[in-house]
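Asks: Got a structure for you, written out below as C-alpha coordinates; questions coming shortly.
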Amino acid sequence: MTLLLAVTRSASLAALLATFAVSASAAQQTTPPRPGTPANRDGAARRPAKVEQARAESLYVSTDPEDHPPRNFERDIAAKAKTDSIYAVRSRGVMEFSKVKYRSRAGDVDVPAYLFAPLAKRGARGHAAMVWVHGGVHGDWNEAMLPFVKEAVQRGYVIITPDYRGSNGYGAAYYNAIDYGGKELDDVMAAYDYLKTLSYVDPDRVGIMGWSHGGFITAHLVMREDTPFKAGAAIVPVTNLVFRLSYKGPGYQRSYATHPSIGRLPFEKLDEYIKRSPLYHVEQPHVPILVHVATNDLEQIDSWNRTWVFFERWLHSRNREPGRRVEPRLPVPGSL
(Lines give C-alpha, C1' and ligand atoms only; values in the text may rest on other atoms or scores of the structure.)
Protein backbone atom coordinates (compact mmCIF):
# COMPACT_ATOMS: atom_id res chain seq x y z
CA MET A 1 0.00 0.00 0.00
CA THR A 2 2.89 2.32 0.72
CA LEU A 3 4.20 1.88 -2.83
CA LEU A 4 0.75 2.51 -4.30
CA LEU A 5 0.40 5.79 -2.41
CA ALA A 6 3.85 6.94 -3.49
CA VAL A 7 3.05 6.19 -7.13
CA THR A 8 -0.24 8.05 -6.89
CA ARG A 9 1.44 11.17 -5.51
CA SER A 10 3.96 11.05 -8.35
CA ALA A 11 1.22 10.84 -10.96
CA SER A 12 -0.58 13.82 -9.44
CA LEU A 13 2.28 16.21 -10.19
CA ALA A 14 0.99 16.97 -13.68
CA ALA A 15 -2.46 17.99 -12.46
CA LEU A 16 -0.99 20.01 -9.58
CA LEU A 17 1.21 22.02 -11.90
CA ALA A 18 -1.70 22.46 -14.28
CA THR A 19 -3.65 24.11 -11.49
CA PHE A 20 -0.72 26.41 -10.86
CA ALA A 21 -0.53 27.27 -14.56
CA VAL A 22 -4.17 28.32 -14.68
CA SER A 23 -3.67 30.65 -11.71
CA ALA A 24 -0.15 31.83 -12.57
CA SER A 25 -0.87 35.50 -12.27
CA ALA A 26 -2.61 35.07 -8.94
CA ALA A 27 0.29 33.00 -7.65
CA GLN A 28 2.65 35.89 -8.22
CA GLN A 29 0.73 38.13 -5.82
CA THR A 30 1.64 38.24 -2.15
CA THR A 31 -1.30 38.59 0.20
CA PRO A 32 -1.47 38.55 3.98
CA PRO A 33 -2.16 35.10 5.43
CA ARG A 34 -5.82 34.43 6.15
CA PRO A 35 -7.37 31.95 8.56
CA GLY A 36 -7.04 28.48 7.02
CA THR A 37 -3.99 29.40 4.86
CA PRO A 38 -1.67 26.34 4.58
CA ALA A 39 1.22 26.65 7.00
CA ASN A 40 4.69 25.16 7.30
CA ARG A 41 5.63 22.97 10.24
CA ASP A 42 6.83 25.98 12.23
CA GLY A 43 3.40 27.59 11.89
CA ALA A 44 4.43 30.24 9.36
CA ALA A 45 2.25 30.82 6.30
CA ARG A 46 3.43 28.98 3.20
CA ARG A 47 5.02 31.21 0.57
CA PRO A 48 3.13 31.25 -2.77
CA ALA A 49 4.98 29.11 -5.33
CA LYS A 50 6.62 30.72 -8.32
CA VAL A 51 5.36 28.90 -11.42
CA GLU A 52 7.64 28.04 -14.34
CA GLN A 53 5.09 28.51 -17.10
CA ALA A 54 6.90 26.46 -19.76
CA ARG A 55 7.38 23.52 -17.41
CA ALA A 56 3.79 23.69 -16.21
CA GLU A 57 2.52 23.60 -19.78
CA SER A 58 4.78 20.65 -20.69
CA LEU A 59 3.47 18.67 -17.72
CA TYR A 60 -0.19 19.53 -18.25
CA VAL A 61 -2.43 16.56 -19.14
CA SER A 62 -5.79 17.45 -20.67
CA THR A 63 -8.92 15.34 -20.15
CA ASP A 64 -10.67 16.73 -23.23
CA PRO A 65 -11.04 14.11 -26.01
CA GLU A 66 -10.50 16.92 -28.52
CA ASP A 67 -6.94 17.17 -27.17
CA HIS A 68 -6.14 13.53 -27.93
CA PRO A 69 -2.75 13.37 -29.71
CA PRO A 70 -3.27 14.13 -33.44
CA ARG A 71 -2.85 11.50 -36.13
CA ASN A 72 -2.48 11.37 -39.91
CA PHE A 73 -5.43 9.09 -40.58
CA GLU A 74 -5.08 9.15 -44.38
CA ARG A 75 -1.55 7.81 -44.02
CA ASP A 76 -2.75 5.10 -41.63
CA ILE A 77 -5.52 3.98 -44.00
CA ALA A 78 -3.03 3.76 -46.88
CA ALA A 79 -0.59 1.77 -44.74
CA LYS A 80 -3.36 -0.65 -43.75
CA ALA A 81 -4.32 -1.18 -47.38
CA LYS A 82 -0.68 -1.97 -48.14
CA THR A 83 -0.57 -4.49 -45.28
CA ASP A 84 -3.73 -6.17 -46.59
CA SER A 85 -2.24 -6.51 -50.07
CA ILE A 86 1.06 -7.91 -48.74
CA TYR A 87 -0.76 -10.60 -46.78
CA ALA A 88 -2.93 -11.48 -49.77
CA VAL A 89 0.07 -11.90 -52.07
CA ARG A 90 2.40 -13.70 -49.65
CA SER A 91 -0.29 -16.09 -48.44
CA ARG A 92 -0.97 -17.55 -51.89
CA GLY A 93 -0.06 -21.20 -52.01
CA VAL A 94 1.08 -21.07 -48.38
CA MET A 95 -2.02 -20.57 -46.28
CA GLU A 96 -5.62 -19.48 -46.59
CA PHE A 97 -6.04 -15.76 -45.90
CA SER A 98 -9.05 -13.45 -45.66
CA LYS A 99 -10.06 -10.18 -44.05
CA VAL A 100 -13.24 -10.54 -42.01
CA LYS A 101 -15.50 -8.49 -39.74
CA TYR A 102 -17.57 -9.50 -36.74
CA ARG A 103 -19.69 -7.72 -34.14
CA SER A 104 -18.09 -6.87 -30.80
CA ARG A 105 -19.65 -8.41 -27.71
CA ALA A 106 -20.17 -4.81 -26.59
CA GLY A 107 -22.61 -4.55 -29.50
CA ASP A 108 -21.50 -1.13 -30.71
CA VAL A 109 -18.82 -1.71 -33.38
CA ASP A 110 -17.83 -4.14 -36.11
CA VAL A 111 -14.29 -5.38 -35.57
CA PRO A 112 -12.02 -6.03 -38.59
CA ALA A 113 -9.70 -9.02 -38.32
CA TYR A 114 -7.27 -11.14 -40.32
CA LEU A 115 -8.06 -14.84 -40.61
CA PHE A 116 -5.42 -17.45 -41.48
CA ALA A 117 -5.90 -21.21 -41.89
CA PRO A 118 -4.11 -24.24 -43.35
CA LEU A 119 -4.85 -24.88 -47.03
CA ALA A 120 -5.75 -28.52 -46.36
CA LYS A 121 -8.49 -28.82 -43.78
CA ARG A 122 -8.95 -31.87 -41.54
CA GLY A 123 -12.71 -31.82 -41.52
CA ALA A 124 -15.16 -30.89 -38.78
CA ARG A 125 -13.50 -29.62 -35.61
CA GLY A 126 -10.15 -30.70 -36.99
CA HIS A 127 -8.05 -27.69 -35.96
CA ALA A 128 -7.04 -25.93 -32.79
CA ALA A 129 -7.27 -22.15 -33.09
CA MET A 130 -5.72 -19.05 -31.63
CA VAL A 131 -6.86 -15.48 -31.06
CA TRP A 132 -3.65 -13.51 -31.52
CA VAL A 133 -3.81 -10.00 -30.06
CA HIS A 134 -1.58 -7.24 -31.43
CA GLY A 135 0.29 -4.94 -29.08
CA GLY A 136 0.68 -1.19 -28.79
CA VAL A 137 -1.57 1.64 -27.69
CA HIS A 138 -3.18 2.44 -31.06
CA GLY A 139 -1.27 -0.41 -32.69
CA ASP A 140 -2.49 -2.79 -35.39
CA TRP A 141 -1.68 -6.15 -36.96
CA ASN A 142 1.00 -5.50 -39.58
CA GLU A 143 3.18 -7.34 -42.05
CA ALA A 144 6.02 -7.72 -39.54
CA MET A 145 4.00 -10.58 -38.01
CA LEU A 146 3.90 -12.57 -41.28
CA PRO A 147 6.71 -15.05 -40.43
CA PHE A 148 5.17 -15.79 -37.04
CA VAL A 149 1.68 -16.39 -38.31
CA LYS A 150 3.00 -18.60 -41.14
CA GLU A 151 4.74 -20.76 -38.55
CA ALA A 152 1.56 -21.02 -36.51
CA VAL A 153 -0.49 -22.13 -39.53
CA GLN A 154 2.19 -24.65 -40.49
CA ARG A 155 1.75 -26.13 -37.01
CA GLY A 156 -1.94 -26.65 -37.79
CA TYR A 157 -3.52 -23.65 -36.08
CA VAL A 158 -6.29 -21.45 -37.39
CA ILE A 159 -5.37 -17.86 -36.45
CA ILE A 160 -7.58 -14.80 -36.07
CA THR A 161 -5.98 -11.42 -35.34
CA PRO A 162 -8.50 -8.70 -34.42
CA ASP A 163 -7.80 -5.01 -35.00
CA TYR A 164 -9.87 -4.05 -31.94
CA ARG A 165 -11.17 -0.50 -31.36
CA GLY A 166 -8.41 2.09 -31.20
CA SER A 167 -6.31 0.30 -33.82
CA ASN A 168 -4.59 2.22 -36.63
CA GLY A 169 -5.76 2.13 -40.22
CA TYR A 170 -9.53 2.55 -39.94
CA GLY A 171 -10.05 6.29 -39.63
CA ALA A 172 -10.52 8.83 -36.86
CA ALA A 173 -13.73 7.51 -35.30
CA TYR A 174 -12.39 3.98 -34.81
CA TYR A 175 -9.02 5.27 -33.59
CA ASN A 176 -10.58 7.60 -31.04
CA ALA A 177 -12.96 4.93 -29.78
CA ILE A 178 -10.02 3.35 -27.91
CA ASP A 179 -11.04 1.88 -24.58
CA TYR A 180 -7.87 0.59 -22.93
CA GLY A 181 -8.78 -2.32 -20.68
CA GLY A 182 -12.49 -1.69 -21.33
CA LYS A 183 -14.60 -2.52 -24.39
CA GLU A 184 -11.52 -3.55 -26.35
CA LEU A 185 -11.71 -6.74 -24.27
CA ASP A 186 -15.20 -7.38 -25.65
CA ASP A 187 -13.88 -6.78 -29.17
CA VAL A 188 -11.23 -9.46 -28.73
CA MET A 189 -13.48 -11.90 -26.89
CA ALA A 190 -15.90 -11.81 -29.85
CA ALA A 191 -13.14 -13.19 -32.08
CA TYR A 192 -13.80 -16.52 -30.36
CA ASP A 193 -17.47 -16.24 -31.33
CA TYR A 194 -16.40 -15.85 -34.95
CA LEU A 195 -14.10 -18.87 -34.78
CA LYS A 196 -17.01 -20.98 -33.54
CA THR A 197 -18.79 -20.37 -36.85
CA LEU A 198 -16.00 -22.17 -38.75
CA SER A 199 -16.77 -25.87 -39.06
CA TYR A 200 -13.11 -26.89 -39.18
CA VAL A 201 -12.30 -25.18 -35.84
CA ASP A 202 -12.65 -27.10 -32.59
CA PRO A 203 -14.25 -24.58 -30.17
CA ASP A 204 -12.91 -26.62 -27.26
CA ARG A 205 -9.31 -26.03 -28.36
CA VAL A 206 -8.97 -22.27 -28.70
CA GLY A 207 -6.16 -20.31 -27.05
CA ILE A 208 -5.20 -16.65 -26.88
CA MET A 209 -1.85 -14.87 -26.83
CA GLY A 210 -0.19 -11.52 -27.37
CA TRP A 211 2.86 -9.35 -26.72
CA SER A 212 2.92 -6.20 -24.60
CA HIS A 213 -0.57 -4.67 -24.80
CA GLY A 214 -1.68 -7.89 -26.48
CA GLY A 215 -0.42 -9.69 -23.38
CA PHE A 216 -2.37 -7.21 -21.25
CA ILE A 217 -5.61 -8.16 -23.04
CA THR A 218 -4.72 -11.85 -22.89
CA ALA A 219 -4.20 -11.68 -19.12
CA HIS A 220 -7.54 -9.93 -18.66
CA LEU A 221 -9.50 -12.44 -20.72
CA VAL A 222 -8.14 -15.62 -19.15
CA MET A 223 -9.16 -14.17 -15.78
CA ARG A 224 -12.77 -13.69 -16.81
CA GLU A 225 -15.09 -16.21 -15.22
CA ASP A 226 -16.82 -16.85 -18.55
CA THR A 227 -13.60 -17.15 -20.59
CA PRO A 228 -13.97 -19.57 -23.53
CA PHE A 229 -10.21 -19.96 -23.92
CA LYS A 230 -8.41 -23.13 -22.81
CA ALA A 231 -5.02 -21.44 -22.29
CA GLY A 232 -3.32 -18.08 -22.75
CA ALA A 233 0.23 -16.75 -23.22
CA ALA A 234 1.03 -13.19 -22.16
CA ILE A 235 4.50 -12.20 -23.38
CA VAL A 236 6.08 -9.07 -21.82
CA PRO A 237 2.59 -7.87 -20.83
CA VAL A 238 1.51 -4.59 -19.29
CA THR A 239 0.04 -5.52 -15.90
CA ASN A 240 -0.25 -2.41 -13.69
CA LEU A 241 -1.58 0.82 -15.20
CA VAL A 242 -1.30 2.69 -11.89
CA PHE A 243 2.45 2.13 -11.79
CA ARG A 244 2.99 2.42 -15.56
CA LEU A 245 1.41 5.85 -15.86
CA SER A 246 3.32 7.13 -12.84
CA TYR A 247 6.72 6.78 -14.51
CA LYS A 248 5.86 7.16 -18.21
CA GLY A 249 5.15 10.87 -17.86
CA PRO A 250 2.75 13.33 -19.50
CA GLY A 251 3.45 12.29 -23.09
CA TYR A 252 2.18 8.79 -22.37
CA GLN A 253 -0.50 9.88 -19.90
CA ARG A 254 -2.19 12.08 -22.50
CA SER A 255 -3.25 8.99 -24.46
CA TYR A 256 -5.19 7.80 -21.40
CA ALA A 257 -6.59 10.95 -19.85
CA THR A 258 -8.43 11.77 -23.09
CA HIS A 259 -10.08 8.34 -23.38
CA PRO A 260 -13.85 8.95 -23.28
CA SER A 261 -14.33 6.06 -20.85
CA ILE A 262 -11.47 7.02 -18.51
CA GLY A 263 -11.00 10.76 -18.85
CA ARG A 264 -8.68 11.13 -15.86
CA LEU A 265 -5.35 10.03 -14.42
CA PRO A 266 -4.83 7.32 -11.77
CA PHE A 267 -4.76 9.69 -8.81
CA GLU A 268 -8.19 10.97 -9.91
CA LYS A 269 -9.82 7.61 -10.79
CA LEU A 270 -7.76 5.05 -8.91
CA ASP A 271 -10.53 2.44 -8.76
CA GLU A 272 -10.97 2.58 -12.53
CA TYR A 273 -7.26 2.04 -13.21
CA ILE A 274 -7.13 -0.82 -10.72
CA LYS A 275 -10.12 -2.45 -12.43
CA ARG A 276 -8.29 -2.18 -15.76
CA SER A 277 -4.98 -3.64 -14.44
CA PRO A 278 -4.53 -7.44 -14.65
CA LEU A 279 -2.18 -7.36 -11.64
CA TYR A 280 -5.09 -6.69 -9.30
CA HIS A 281 -7.01 -9.71 -10.62
CA VAL A 282 -4.11 -12.17 -10.54
CA GLU A 283 -5.92 -14.46 -8.11
CA GLN A 284 -8.71 -15.06 -10.62
CA PRO A 285 -7.21 -17.07 -13.52
CA HIS A 286 -9.67 -19.66 -14.76
CA VAL A 287 -7.38 -21.39 -17.27
CA PRO A 288 -3.60 -21.95 -17.50
CA ILE A 289 -1.62 -18.83 -18.41
CA LEU A 290 2.02 -18.62 -19.49
CA VAL A 291 3.71 -15.29 -18.70
CA HIS A 292 7.13 -14.43 -20.14
CA VAL A 293 9.06 -11.36 -19.00
CA ALA A 294 12.72 -10.38 -19.25
CA THR A 295 15.01 -7.38 -18.89
CA ASN A 296 15.66 -7.54 -22.64
CA ASP A 297 13.00 -8.37 -25.22
CA LEU A 298 15.63 -10.21 -27.30
CA GLU A 299 15.66 -12.83 -24.57
CA GLN A 300 12.14 -13.74 -25.67
CA ILE A 301 13.48 -15.78 -28.60
CA ASP A 302 13.67 -18.87 -26.42
CA SER A 303 10.28 -17.98 -24.98
CA TRP A 304 8.79 -18.37 -28.45
CA ASN A 305 9.71 -22.07 -28.48
CA ARG A 306 8.36 -22.49 -24.97
CA THR A 307 5.09 -20.89 -26.05
CA TRP A 308 4.47 -23.62 -28.62
CA VAL A 309 5.26 -26.29 -26.04
CA PHE A 310 2.76 -24.70 -23.69
CA PHE A 311 -0.04 -24.55 -26.25
CA GLU A 312 0.56 -28.07 -27.48
CA ARG A 313 0.05 -29.32 -23.95
CA TRP A 314 -3.28 -27.56 -23.48
CA LEU A 315 -4.73 -27.54 -27.02
CA HIS A 316 -3.50 -30.81 -28.51
CA SER A 317 -6.29 -32.98 -29.89
CA ARG A 318 -5.29 -35.96 -27.75
CA ASN A 319 -5.96 -33.89 -24.63
CA ARG A 320 -9.70 -34.12 -25.33
CA GLU A 321 -9.65 -37.75 -24.22
CA PRO A 322 -10.96 -38.05 -20.62
CA GLY A 323 -8.20 -38.28 -18.04
CA ARG A 324 -5.40 -37.87 -20.59
CA ARG A 325 -2.79 -35.12 -20.61
CA VAL A 326 -0.04 -35.08 -23.24
CA GLU A 327 3.38 -34.22 -21.85
CA PRO A 328 4.94 -31.13 -23.46
CA ARG A 329 7.44 -31.50 -26.27
CA LEU A 330 8.49 -29.39 -29.23
CA PRO A 331 5.58 -29.64 -31.69
CA VAL A 332 5.95 -31.11 -35.14
CA PRO A 333 4.55 -28.66 -37.73
CA GLY A 334 0.98 -29.64 -38.56
CA SER A 335 0.58 -31.86 -35.51
CA LEU A 336 -2.18 -29.93 -33.77
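Asks: Being in a helix (DSSP H, G or I), farther than 16 Å from residue 160 by Cβ and of a type in the set (D, E, K, R) is the filter here, so list the residues in region 80-111 that pass it.
Replies: Residues satisfying the conditions are 80, 82, 90.
Asks: Restricting to region 195-214, name every residue that is at pLDDT 95 or above and more than 9 Å from residue 131 (Cβ to Cβ).
Replies: Answer for region 195-214, where residues must be at pLDDT 95 or above and more than 9 Å from residue 131 (Cβ to Cβ): 196, 197, 198, 199, 200, 201, 202, 203, 204, 205, 214.
Asks: Tell me the residue from 170, 164, 157, 174 that is buried (at least 19 other Cβ atoms within 10 Å of the Cβ) and out of contact with any helix residue (DSSP H, G or I) (no Cβ under 9 Å at 6 or more places or on another chain), please.
Replies: On the way: 170 fails: out of contact with any helix residue (DSSP H, G or I) (no Cβ under 9 Å at 6 or more places or on another chain); 164 fails: out of contact with any helix residue (DSSP H, G or I) (no Cβ under 9 Å at 6 or more places or on another chain); 157 fails: out of contact with any helix residue (DSSP H, G or I) (no Cβ under 9 Å at 6 or more places or on another chain).
When all the criteria are applied, what remains is 174.
Asks: While we're looking at this one, here's another question. Mind checking which pairs have a first residue in region 139-162 that is assigned to a helix (DSSP H, G or I) and a second that is of a type in the set (Lys, Arg), Cβ under 9 Å, 6 or more apart or different chains?
Replies: Pairs that qualify, where the first residue is assigned to a helix (DSSP H, G or I) and the partner is of a type in the set (Lys, Arg), are 143/82; 143/90; 146/90; 150/90.
Asks: Determine if region 14-28 includes at least one residue that is in contact with a Pro (Cβ under 9 Å, 6 or more places away or on another chain) and at pLDDT 85 or above.
Replies: Initially, region 14-28 is screened for residues in contact with a Pro (Cβ under 9 Å, 6 or more places away or on another chain), giving 14, 26-28.
When the remaining residues are screened for being at pLDDT 85 or above, the result is none.
Scanning region 14-28, I find no residue that is in contact with a Pro (Cβ under 9 Å, 6 or more places away or on another chain) and at pLDDT 85 or above, so the answer is no.
Asks: If you take the residues of region 92-142 that are under 17 Å from the mean Cα position of the chain (by Cα) and among the polar types (S, T, N, Q), which of them is farthest from residue 231 (Cα to Cα)?
Replies: Only one residue fits best here, namely 142.
Asks: Another question, then. Which one of 309, 291, 282, 287 is in contact with a Pro (Cβ under 8 Å, 6 or more places away or on another chain) and touching a residue at least 40 places away in the same chain (Cβ under 8 Å)? Spell out the reasoning first.
Replies: Values: 309 fails: touching a residue at least 40 places away in the same chain (Cβ under 8 Å); 282 fails: in contact with a Pro (Cβ under 8 Å, 6 or more places away or on another chain); 287 fails: in contact with a Pro (Cβ under 8 Å, 6 or more places away or on another chain).
None of the other options fit; the residue is 291.
Asks: Does residue 165 meet the test of being touching an Asp or Glu at 6+ places or on another chain (Cβ under 6 Å) and not in a strand (DSSP E or B)?
Replies: Values: touching an Asp or Glu at 6+ places or on another chain (Cβ under 6 Å): yes; not in a strand (DSSP E or B): yes.
Yes, satisfied.
A quick yes/no check of all residues on (1) touching a residue at least 40 places away in the same chain (Cβ under 8 Å); (2) in contact with a Lys or Arg (Cβ under 6 Å, 6 or more places away or on another chain):
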| position | (1), (2) |
| --- | --- |
| 190 | yes, yes |
| 194 | yes, no |
| 202 | yes, yes |
| 206 | yes, no |
| 210 | yes, no |
| 214 | yes, no |
| 224 | yes, no |
| 228 | no, no |
| 237 | yes, no |
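Asks: Somewhere in region 103-110, is a residue buried (at least 18 other Cβ atoms within 10 Å of the Cβ), touching a helix residue (DSSP H, G or I) at 6+ places or on another chain (Cβ under 8 Å) and of a type outside the set (A, V, I, L, M)?
Replies: Kept after step one, since they are buried (at least 18 other Cβ atoms within 10 Å of the Cβ), are these residues of region 103-110: 104, 109.
Checking which are touching a helix residue (DSSP H, G or I) at 6+ places or on another chain (Cβ under 8 Å) leaves us with 104, 109.
From what's left, of a type outside the set (A, V, I, L, M): 104.
Within region 103-110 (the criterion being buried (at least 18 other Cβ atoms within 10 Å of the Cβ), touching a helix residue (DSSP H, G or I) at 6+ places or on another chain (Cβ under 8 Å) and of a type outside the set (A, V, I, L, M)), the answer is yes, since at least one residue qualifies.
Asks: Among the helices (runs of 4 or more DSSP H) contained in region 184-295, which hold 3 or more residues that are buried (at least 21 other Cβ atoms within 10 Å of the Cβ) and among the hydroxyl-bearing types (Ser, Thr, Tyr)?
Replies: Working: elements: 213-222, 241-248, 250-257, 270-275.
Answer list for region 184-295: none.
Asks: Does residue 50 count as surrounded by 12 or more Cβ atoms within 10 Å (Cβ to Cβ), charged (D, E, K, R) and outside any strand (DSSP E or B)?
Replies: no
The values are calculated or read from the model by the stated rules, or taken from the named source; none is laboratory data. Since the model is a prediction, treat every value here as computed from it, not as a measurement. With ideal geometry, Cβ positions are generated from the backbone for all residues, glycine too; neighbour counts draw on all protein chains shown.
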